[in-house]
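See below for the structure under consideration.
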Amino acid sequence: TISDSMCNKKHMMPGKTEAQCTEECVKAGASYVLVSGDKVYALSAKKSLIAPFAGKKVQVQGDLENNTIAVTAIK
């Protein structure tokens, strides 16, 4: 699931969906992350590539290095 580095697994904005919370946090300076089970991975890609998937379950392809995924594809 695409989330943000401020909230990670637990979104904290009352009355907002996961997607809305993620977008607000990214606008406030957070980065996009991928939450997979108990793990959280930083995502390295243009924001415009990841933004449409905020709050959604996704499949990400890319190279993993030091807990950061260099995203080559997302769907």
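The values are calculated or read from the model by the stated rules, or taken from the named source; none is laboratory data. Treat the numbers as computed from the prediction; the structure is a model and nothing was measured. As a convention, Cβ positions derive from the backbone with ideal geometry for all residues, glycine included, and neighbour counts pool all protein chains shown. Surface areas here come from the heavy atoms of the whole protein model, side chains and all, with no ligands, DNA or RNA. Shrake-Rupley method; radii C 1.70, N 1.55, O 1.52, S 1.80 Å.
Filtering the range 29-41 down to residues that are modelled with pLDDT of 95 or more and not in a strand (DSSP E or B), which residue is least open to solvent (accessible area, probe 1.4 Å)? If we take residues in the range 29-41 being modelled with pLDDT of 95 or more and not in a strand (DSSP E or B), then Ala30 is least open to solvent (accessible area, probe 1.4 Å). Take the residues of the range 16-28 that are β-branched (Val, Ile, Thr) and assigned to a helix (DSSP H, G or I): which is farthest from the chain's Cα centre (by Cα)? Restricting to residues being β-branched (Val, Ile, Thr) and assigned to a helix (DSSP H, G or I), the top hit is Val26. Selection of the range 42-57 for residues being touching a helix residue (DSSP H, G or I) at 6+ places or on another chain (Cβ under 9 Å), buried (at least 16 other Cβ atoms within 10 Å of the Cβ) and assigned to a loop (DSSP other than H, G, I, E, B) yields only Gly55. Based on this model, can you work out whether Met13 counts as open to solvent by 70 Å² or more (accessible area, probe 1.4 Å), part of a loop (DSSP other than H, G, I, E, B) and not hydroxyl-bearing (Ser, Thr, Tyr)? Criteria not met by Met13.
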